[in-house]
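Throughout, read-outs are computed from the coordinates displayed, never taken from laboratory work. Note that the structure is a prediction, hence the values are computed from the model and not measured. All Cβ positions, glycine included, derive from the backbone under ideal geometry; neighbour counts span all protein chains shown.
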Amino acid sequence: MKFKKDYFILILLFNFFFFYSQSSNEKNKNIDSLKKIIASNKHDSIKINALSKWDDLIYLEDLKLDNELNEKIIEIAKNNLNKKKVNSKEKEWFKKAIAKSYNILGNNNKIKGKYLKSIELLNKALIIYKEINYNSGQADAFTNLGNVYNDIGNSNKSISYFINAISIYENAKDEEKLGFAFNSIGLAFSRLNDYPKAEYYYKKALKVKLKTGNKKSIALTYNNLGALYVNQNKLDEAIHFFEKCLKIRNEINDKDGIGMVYNNLGTIYKRNNENNKALDFYKKSIEIRKKTENILGLSISYTNLGSLYLQMNDYSNAIKYAILGLKTAEDVISLDDQLQANNLLYLIYRKKNNHYLSLIYLEKLRKIEDSLKSIQKKEEIYQKEFEYEIGKINFKDSINKVNQKIKINAMNDRISSINSQRFTLYGGIFISLILLLLFYSKYKKSNIQQKIILSQKEIVEEKNKEITDSITYAKRIQSAILPSNKVVQSILPQSFILYKPKDIVAGDFYWLELIGDSVLFAAADCTGHGVPGAMVSVVCNNGLNRAVREFGLAIPNEILNKTRELVVAEFEKSDENVNDGMDISLCSLNIKSKLLFWAGANNPLWVLRDKQIIDYKPDKQPIGKQEGVKPFTNHVIQLQEHDCIYIFTDGFQDQFGGPKQKKFRSSQIKELLLSISEKCMEDQLNEIEKKLVSWKGDLEQVDDICLIGVKI
């Protein structure tokens, strides 16, 4: 490839345009010029030069277009590197263009929250910059890598990158970039709670930036100083710097920056318990960030506002904004902000004594923490790969400096070493064979097989213990979603619950919710038992909770319709064909009027009155995926004094036992309930348990058992 005259003219023209154009209109013209050159049939070298100027346009909004153009640079440059007629100077120029594009792409991925991809691309840039010995490019890549590690909370690693960048920028006397690097290293020390060092670097950054006169950059450092003083609880100083920052950002009409300051002022007033002021600033921040489509900023403001509402004991709004914060954090794949939002939801539901949902968000919290640890491990892999590639480059440089004679000697030494290794290997194999024969002889004499069996038995027992311990812990979690006996007795004093899981955890569960004068209660049987059944029960329990708490439903058939919809939607997320679900009997009892609303999915309702059992038939369809589904039927029953209500799963009636080892059957349960109908509910429970134990005898329990009785 030969450099043509028009190529040098284009370089001069682009330098003129990019160094002297300031207005947005002029920049747009430059962008249009670039697009025309890229689309033209001009020489690749001209296209690359045009493209390489793209990142000189600061604060581009169209990141997608920016990525496409930089990917085009890499494609064109790599194609030219493979051509035969490319001299060393041209090769260096193409490599520089590739590295520059990797650097920009890495930074763009960082902005979008794609941190692993960002690290991978920036390390690629750094390797090439090192290979061509381009210090300024290395410093830019060091700064960007430092910012990535800052974002994901690895401050120690980010500081080492910033120190490398600062050293290069100081030698080059590049004050603009030096100011950015000082500011970034200050942020890293702030996250390590090393406030004196953070303040030292922020002030160094401010000194440089005031000299260069970059208002946007000056405002950023004022903002960081304000945040630093908030962390030290020096709130007056913090407000002083935030106001200085806000003044500049209003002058330059930096909407995103203004939104950031509003958010920070909200945090100060929240800390001062000036809730109304904090509320005003958080809402202003959200309003601006919506307009600028700053999704990551929105996530932070939403979560902060949710935290403020929690401080004000306004749980409804706290949940609303915490969920908004979580959703937006998930949209930009910001694990750190997802962590904050999930933690807030965990705290809200724990304060509301909603143990089930608090556990759900605590589990999500733990998963995100594990993901962050996984990211850190992958970063270490990328770093090792980077060090390996740098090592290869340094090795290559060293090899080029030695003469042919040393190469030949080295090769002879290598051959000699290989022969020596072969001798050692053959000797090792021979010795190993002798040792194996001795070992075999000893093995026969000491009857080592018995020891192996005993050892394996110990391993199996240990594994069984680990599995049992895990399932026992799962039982604690499942127990947390069940209403406690104390809660049940406080709401339904004349009642009992017979609940006997077949294994440690169960597919059956019981459920209770108080809404005004009405109490909702249910006996549910999920597909399977043990661990699989318990997992389905968590999904179904959550569906019931959402139907009542989130969608505000109170009529049993409406609750079952919505729960079926939610459960099916949850299982359809899986790539597997999941047809699990539950059978359920659901009651809504008005305690004052004694009016009962009931709906059933395969499980019935029995009402015992005047020594007769009235059997209400359920709809013959489950809560789950099924063809030809119909809306569930709602039954309205006026109960009388001394009536008894019984709802149950099929575990009791399916239990084998008795003299002929047959099923207990529902008819026998009716006989049992009629025989004990005059007794109080506590005595009824005792009699039922005795009968179950007597019937089962030494046989294994075949299924989970759940039976609920309520006396009016």
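How would region 144-191 be classified by its alpha-carbon gyration tensor: rounded, prolate or oblate, with rounded meaning a/c under 1.5 and the a/b versus b/c comparison settling the rest?
Values: a/c = 2.45, a/b = 2.01, b/c = 1.22.
Judged from the Cα gyration tensor, region 144-191 comes out prolate (a/c at least 1.5, a/b above b/c).
Sorted by packing (mean other beta-carbon atoms within 10 Å per residue), highest first, where do 223-232, 299-308, 162-171 land?
Details: 223-232: 20.7, 299-308: 25.9, 162-171: 19.1.
Listed from highest to lowest mean packing, they are 299-308, 223-232, 162-171.
Considering only Cα-Cα distances, which of the following residue pairs are longer than 27 Å: K157/K255; K83/K124; K662/K711; K114/K364; K112/K290; K592/K679?
Details: K157/K255 32 Å; K83/K124 22 Å; K662/K711 31 Å; K114/K364 20 Å; K112/K290 17 Å; K592/K679 23 Å.
Long pairs (Cα-Cα over 27 Å): K157/K255; K662/K711.
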How large is ³J(HN,Hα), in whole Hz, for each residue of region 198-210 in order, when computed from phi with the Karplus curve 6.51 cos²θ - 1.76 cosθ + 1.60 and θ = phi - 60°, using x for Gly and Pro?
-> 4, 5, 4, 6, 4, 6, 5, 4, 5, 4, 5, 5, 5
Would you grab the residues whose amide H sits under 5 Å from the one on S677? Only those 5+ places off in sequence or on another chain, please, with H modelled 1.01 Å from N.
-> none
For region 186-217 the chymotrypsin sites (Phe, Trp or Tyr not before Pro) that pass both the DSSP coil test and the at-most-15 other-Cβ-within-10 Å test are none
Hey, can you grab everything whose amide H is under 5 Å from the amide H of E274? Only 5+ residues off in sequence or another chain; H modelled, so Pro and N-termini drop out.
-> none
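Let me know the shape class of region 240-328, please: from the alpha-carbon gyration tensor, a ≥ b ≥ c as square roots of the eigenvalues, rounded when a/c is under 1.5, otherwise prolate if a/b is greater than b/c, or oblate.
Working: a/c = 2.94, a/b = 1.38, b/c = 2.13.
Taking the square roots of the gyration eigenvalues as a ≥ b ≥ c, region 240-328 is oblate.
Averaged across orientations, what area in nm² does the convex hull of the alpha carbons in region 80-176 project?
Details: hull surface 26.4 nm².
Seen from a random direction, the Cα hull of region 80-176 projects 6.6 nm² on average.
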Dipole size in debye (nearest 20) for region 482-711 around its Cα centre, Lys and Arg Cβ +1, Asp and Glu Cβ -1?
-> 540 debye
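Quick check: from the Cα gyration tensor, does region 622-686 come out rounded (a/c under 1.5), prolate or oblate? Intermediate values should be presented prior to the final figure.
Working: a/c = 3.03, a/b = 1.20, b/c = 2.53.
Judged from the Cα gyration tensor, region 622-686 comes out oblate (a/c at least 1.5, b/c at or above a/b).
Please compute the contact order of region 583-634 in relative form: average sequence separation of alpha-carbon pairs under 8 Å and at least six residues apart, divided by the residue count, as a percent.
About 34 percent, as a whole number.
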Could you run the Karplus curve 6.51 cos²θ - 1.76 cosθ + 1.60 with θ = phi - 60° over region 164-173 and give me ³J(HN,Hα) per residue in whole Hz, x for Gly and Pro?
-> 4, 5, 4, 4, 5, 5, 5, 5, 7, 6
Cβ crowding within 10 Å averaged over residues, with 280-293, 605-618, 352-365, 145-158 ranked highest first = 145-158, 280-293, 352-365, 605-618
In order over region 682-696: 3J(HN,Hα) from phi, Karplus 6.51/-1.76/1.60, θ = phi - 60°, whole Hz, x for each Gly or Pro, gives 5, 5, 4, 4, 4, 5, 5, 5, 4, 5, 5, 5, 4, 5, 5
Region 518-676: relative contact order as a whole-number percent, Cα under 8 Å and 6+ apart | 23 percent
Which listed residue (T633, S495, A599) has the Cα farthest towards the positive end of the charge dipole for region 482-711, taking +1 on Lys and Arg C-beta and -1 on Asp and Glu C-beta about the Cα centre?
-> S495
Alpha carbon centroid spacing (whole Å) that separates region 86-154 from region 486-553 | 55 Å
